[in-house]
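A short worksheet on the structure shown next.
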């Protein structure tokens, strides 16, 4: 189970902004606020499916307006603004075509980001951030204030939103799986247990990269019943599907236990509870790997600091510093042994721990 909510100004973009040639203070602030409008226009174009409609044949704004039931002049002004920012391109005849960037707004293509930026998902994001002052004043998630329900309870009650969220999270996780699998000697293990591993995207990547490793995908029954990357990849014979709840118990027998984007969903007390269950399942030589953001100290650009504010708005969890990981590991009877950074595009780190000896 994982969650992430990005500010309308993407954290990766914010990091790039910070690395650009410094602008005068006034222009810096205007550039940030301008991204709010740009993000909204991007979301509308994604919702209307513009990138699909102009592939492979470019179309004019009046033609697009007819196909999307939109107001032609207004749609043109929106597309012109997006084209000025590298999203779509207008030719001399007033027809719009895709750019390398807008290709990612097409449905069903490799790396598609359409579901993660559509207006319908943006509405959830924006209503949440509209209530961020409530979080700053009370410490309570803005999402709960905005929607009157816990984030995961809301997704369960609104399957259409839940499907968009799942698609967005799959888009976010898929590019980093290779980086995570390559960052650690998983091939030294006989059995790797992916705790709360969802539909098995990471497990499938891990098994493909390490033909000697067997897996155990551990999650709730309704999750394991869904379409599964391990089965789709023909790797089911090397991976046991185990039904359970990590708040209750975790299966024994693993050499490496992985918590990928799990701990950041929860406050420290709940995270320690999960980690204690891991420690109870582990033998003296087993390793625990929490795959999560590790916040950098200081003022240097760090996309994970933006991710942390997104988590704060959604849930009671947090992204943690190295010291904060050390604290919850010790409270759970574990000893943090090392932290391994992953290669781009991933911003995650692998926080390794072992059972502390008495």
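The values are calculated or read from the model by the stated rules, or taken from the named source; none is laboratory data. Computed from a predicted structure; not experimentally measured. Cβ sites come from the backbone with ideal geometry, for glycine too, and all protein chains shown count toward neighbours.
For segment 73-93, which positions are touching a helix residue (DSSP H, G or I) at 6+ places or on another chain (Cβ under 7 Å) and either under 19 Å from residue 119 (Cα atoms) or in a loop (DSSP other than H, G, I, E, B) (or both)?
75, 76, 78, 79, 81, 82, 85, 87, 88 - these are the residues of segment 73-93 that are touching a helix residue (DSSP H, G or I) at 6+ places or on another chain (Cβ under 7 Å) and either under 19 Å from residue 119 (Cα atoms) or in a loop (DSSP other than H, G, I, E, B) (or both).
Taking residue 311, is it assigned to a helix (DSSP H, G or I) and touching a helix residue (DSSP H, G or I) at 6+ places or on another chain (Cβ under 6 Å)?
yes
Within segment 138-159, is there a residue that is buried (at least 19 other Cβ atoms within 10 Å of the Cβ) and farther than 24 Å from residue 316 by Cα?
no
Can you name the condition, by its number, that residue 30 falls short on among (1) assigned to a helix (DSSP H, G or I); (2) under 27 Å from residue 160 (Cβ atoms); (3) modelled with pLDDT under 90?
(2)
What single numbered condition from (1) touching a helix residue (DSSP H, G or I) at 6+ places or on another chain (Cβ under 9 Å); (2) within 21 Å of residue 291 (Cα to Cα); (3) exposed (fewer than 15 other Cβ atoms within 10 Å of the Cβ) fails to hold for residue 181?
(3)
I'm trying to understand the selection: among the residues of segment 313-358, which are surrounded by fewer than 20 Cβ atoms within 10 Å (Cβ to Cβ), within 20 Å of the chain's Cα centre (by Cα) and more than 23 Å from residue 202 (Cα to Cα)?
316, 321, listed by residue number.
Every residue, every condition in (1) assigned to a helix (DSSP H, G or I); (2) under 22 Å from residue 344 (Cα atoms), yes or no:
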{"position": "143", "(1), (2)": "yes, no"}
{"position": "153", "(1), (2)": "yes, no"}
{"position": "164", "(1), (2)": "yes, no"}
{"position": "172", "(1), (2)": "yes, yes"}
{"position": "205", "(1), (2)": "yes, yes"}
{"position": "216", "(1), (2)": "no, no"}
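Only one of these conditions is not met by residue 194: (1) in contact with a helix residue (DSSP H, G or I) (Cβ under 6 Å, 6 or more places away or on another chain); (2) part of a helix (DSSP H, G or I); (3) modelled with pLDDT of 90 or more. Which number is it?
Looking at each condition in turn, residue 194 falls short on (2).
Find the residue count for segment 228-255, including only residues that are modelled with pLDDT of 95 or more, within 12 Å of residue 197 (Cα to Cα) and part of a loop (DSSP other than H, G, I, E, B).
3
Just to be sure I understand, how many residues within segment 259-285 are part of a loop (DSSP other than H, G, I, E, B), touching a strand residue (DSSP E or B) at 6+ places or on another chain (Cβ under 7 Å) and within 23 Å of residue 220 (Cα to Cα)?
3
Residues of segment 56-71 being in contact with a strand residue (DSSP E or B) (Cβ under 8 Å, 6 or more places away or on another chain) and either modelled with pLDDT under 95 or in a loop (DSSP other than H, G, I, E, B) (or both), which ones?
The one that is in contact with a strand residue (DSSP E or B) (Cβ under 8 Å, 6 or more places away or on another chain) and either modelled with pLDDT under 95 or in a loop (DSSP other than H, G, I, E, B) (or both): 58.
Within segment 230-242, does at least one residue satisfy the condition of being surrounded by 18 or more Cβ atoms within 10 Å (Cβ to Cβ) and either out of contact with any helix residue (DSSP H, G or I) (no Cβ under 6 Å at 6 or more places or on another chain) or under 30 Å from residue 124 (Cα atoms) (or both)?
No.
Being modelled with pLDDT of 95 or more, in contact with a helix residue (DSSP H, G or I) (Cβ under 6 Å, 6 or more places away or on another chain), assigned to a loop (DSSP other than H, G, I, E, B) and within 16 Å of residue 180 (Cα to Cα), is that true of even one residue in segment 290-307?
Within segment 290-307 (the criterion being modelled with pLDDT of 95 or more, in contact with a helix residue (DSSP H, G or I) (Cβ under 6 Å, 6 or more places away or on another chain), assigned to a loop (DSSP other than H, G, I, E, B) and within 16 Å of residue 180 (Cα to Cα)), the answer is yes, since at least one residue qualifies.
Does segment 331-346 contain at least one residue that is at pLDDT 95 or above, out of contact with any strand residue (DSSP E or B) (no Cβ under 7 Å at 6 or more places or on another chain) and farther than 22 Å from residue 176 by Cβ?
The answer is yes, given that some residue of segment 331-346 is at pLDDT 95 or above, out of contact with any strand residue (DSSP E or B) (no Cβ under 7 Å at 6 or more places or on another chain) and farther than 22 Å from residue 176 by Cβ.
Looking at segment 231-257, which of its residues are in contact (Cβ under 8 Å) with a residue 60 or more places away in the chain and either over 25 Å from the mean Cα position of the chain (by Cα) or within 21 Å of residue 327 (Cβ to Cβ) (or both)?
Across segment 231-257, the qualifying residues are 253, 254, 255, 257.
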